[in-house]
Amino acid sequence: MIKAAAVNKYFGDLHVLKEINLEVPRGQVVVVLGPSGSGKSTLCRAINRLEPINSGEIAVDGVPLPAEGKALAALRADVGMVFQSFNLFAHKTIVENVMLAPMKVRKVNSAEARKTAMDLLERVGIANQADKYPAQLSGGQQQRVAIARALAMRPKVMLFDEPTSALDPEMVQEVLDVMTTLAKDGMTMLVVTHEMGFARRAANRVVFMSDGEIVEDSTPDDFFTKPKTDRAKDFLGKILTH
Ligand SMILES: Nc1ncnc2c1ncn2[C@@H]1O[C@H](COP(=O)(O)OP(=O)(O)OP(=O)(O)O)[C@@H](O)[C@H]1O
């Protein structure tokens, strides 16, 4: 479970997160929508403490994330994060990319880490590419490896920040399928995405951000058919006509 309480974040004079309160119970899949610049990525980065916050508190499974230090590194492992860019090590094979996290963070030996990595690569449908290098895989395949790498940390929650926006259209679905399976398996997920199909089919809840605030928080059905605020109506009007 993720709990953000009264979180504020400034970049200089810019108030980017304004008193954000958000609780994501275990197993819930929340899609975060909102116009560009509304603070979606900053919220993800704040939850993972990649971005320090100015005030408020963020906790994962009841444990508040500290601002820094060794404890932060351990707790950050509880929060798997998948970004738009895959950031795989080019000179390491696919299985080695996934093995690194358990070896470094969980201190498991290489045989055990390889087994974990192979199981996860199986889960994301890439096991047959395990000995290739990232450059030999398509973007969609690389993103599935990045998901396996995040899962190798045994995270309690997963954050996705526009995981499909750098992909060719024909590769988007294969990544969304992996995410949908994760959702069905009960992973707690916060997903920033422009994929409305995923939001409608796989999410339990839509949170709509505008100008650093959460202005709507509802079921996907309600959000798409009965948006309450002009800001959400305006946003939906723009994206659904694209
Ligand atoms: N490192 C930074 N330094 C200064 N300002 C920043 C920084 N990162 C983000 N911002 C600003 O904070 C605001 C929120 O940005 P953020 O990336 O969280 O929005 P977003 O909703 O994720 O947008 P997008 O959909 O375009 O990715 C924007 O005005 C952005 O310019």
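The values are calculated or read from the model by the stated rules, or taken from the named source; none is laboratory data. Since we're looking at a predicted model, the values are computed, not measured. Heads up, the Cβs are rebuilt from the backbone with ideal geometry, glycines too, and the neighbour counts pull from every protein chain shown. These area figures cover heavy atoms from the full protein model, side chains too; ligands, DNA and RNA do not enter into them. Shrake-Rupley method; radii C 1.70, N 1.55, O 1.52, S 1.80 Å.
Axis of helix 94-105 versus longest Cα principal axis of the chain: the two differ by about 80°, to the nearest ten degrees. Restricted to Cα atoms, region 2-240 shows a radius of gyration and a Dmax of 17.8, 55 angstrom.
Suppose only helical runs count, i.e. DSSP H with n ≥ 4. What mean residue ellipticity at 222 nm does that imply for the chain under -39500 (n - 2.57) per run, divided by all residues and rounded to the nearest 500 deg cm²/dmol? Display every interim value, and only then the final one.
Working: 9 runs with 94 residues, N = 242.
Taking each H run of at least 4 residues, the total per residue is -11500 deg cm²/dmol.
Rolling a 1.4 angstrom probe over region 2-240 with all protein chains present gives an accessible area of which 50% lies on carbon and sulfur atoms. With a cut-off of at most 16 other beta carbons within 10 Å, and DSSP calling the residue loop, which trypsin sites (Lys or Arg not before Pro) in region 86-193 qualify? Please list them. Taking region 86-193 and a limit of 16 other Cβ atoms within 10 Å, the loop trypsin sites (Lys or Arg not before Pro) found are LYS92, ARG106, LYS107, LYS132.
What does the accessible area per residue of the chain come to in Å², with a 1.4 Å probe and no ligands, DNA or RNA counted? All intermediate terms of the calculation are to be shown ahead of the outcome.
Details: 11420 Å² over 242 residues.
That works out to 47 Å² for each residue.
Apply 1/(1 + (r/R0)^6) to the Cβ-Cβ distance of ASN109 and ASP61, taking R0 = 25 Å, and write down the FRET efficiency to the nearest 0.05. Provide the component values of the computation, followed by the final result.
Working: r = 27 Å, r/R0 = 1.08.
Taking R0 as 25 Å, the efficiency between ASN109 and ASP61 is 0.40.
Between ASP222 and SER36, the simple label model (points 7 Å from Cα in the Cβ direction) yields a spacing of 3.1 nm. Treating the angle as unsigned and between 0 and 90°, give the value, to the nearest 10°, between the Cα long axis of helix 169-184 and the longest Cα principal axis of the chain. Taking Cα atoms only, the helix is inclined about 90 degrees. Near ILE20, once Lys and Arg are set to +1 and Asp and Glu to -1 for all other residues with Cβ below 13 Å from its Cβ, the sum equals -2. What is the local net charge at SER165, summed over the other residues whose Cβ is closer than 13 Å to its Cβ (Lys, Arg +1; Asp, Glu -1)? For residues surrounding SER165, the net value is -3. Taking 12 Å as the straight-line reach from the Cα of LYS18, the aspartates and glutamates in range (excluding those fewer than 8 positions away in the same chain) are ASP211, GLU213.
On C-alpha positions alone, give me the angle between the axis of helix 139-151 and the longest principal axis of the chain, in degrees, nearest 10. Around 90 degrees separate the two axes. Label point of LYS184 set 7 angstrom out along Cα-Cβ; within region 116-131, amide nitrogens under 19 Å from it belong to 120-127.
The loop-placed GluC sites (Glu not before Pro) in region 13-114, going by DSSP, that have at most 13 neighbouring Cβ atoms within 10 Å of their Cβ come out as GLU68. Taking Cβ atoms as reference points and 15 Å as the exclusive limit, the residues near LEU43 contribute a net charge of -3, counting Lys and Arg as +1 and Asp and Glu as -1.
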